[in-house]
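Below: one structure, written as structure tokens.
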Amino acid sequence: MTKDECATLLALVSSLDRQPVDEGIIEMWWRMLKDFSFEECDAAIVPAYQEMRGDYMSSKDVWMIVKRVRSQPVKRQWVKDLHDINEHFECRPGEFGHPRLEVEA
């Protein structure tokens, strides 16, 4: 995640809990979450908000949700792994960027 994406993430969080945001907060959230994608952190905001215990959501709240999601097995990950090394015998049309089959009527 870039620092600009982190600022966007904090703007979303601030809209939920009215957390004040400044450059220092953006920097520390970015240091905590920079190894994750914006999409992962964005998806973690609502569950983190539902589970938070204080008045403000912390970067650790988001971090814990993303780590929990990442630790769960990914459906068809073995097919993605094969896809990544150019083995496509198990890929389905529309999966991992493969073109969908055209159906003629």
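What the table below lists for this structure:
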read-out: Residue that is farthest from Gln72 (Cα to Cα) [pool: residues in region 1-56 that are part of a loop (DSSP other than H, G, I, E, B) and aromatic (Phe, Trp, Tyr)]; value: Tyr56
read-out: Some residue of region 19-38 being touching a helix residue (DSSP H, G or I) at 6+ places or on another chain (Cβ under 7 Å) and acidic (Asp, Glu); value: no
read-out: Top-ranked residue in region 15-68 [being in contact with an Asp or Glu (Cβ under 7 Å, 6 or more places away or on another chain) and of a type in the set (A, V, I, L, M, F, W, C); ranked as farthest from Lys3 (Cα to Cα)]; value: Met52
read-out: Phe96 being aromatic (Phe, Trp, Tyr), more than 16 Å from Ser14 (Cβ to Cβ) and part of a loop (DSSP other than H, G, I, E, B); value: no
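Every read-out reported here was derived from the displayed coordinates using simple, explicitly stated rules and does not represent laboratory data. All of these numbers come straight from a predicted model, not from anything done at the bench. Reconstructed Cβ throughout: ideal geometry from the backbone, glycine too, with neighbour counts over all protein chains shown.
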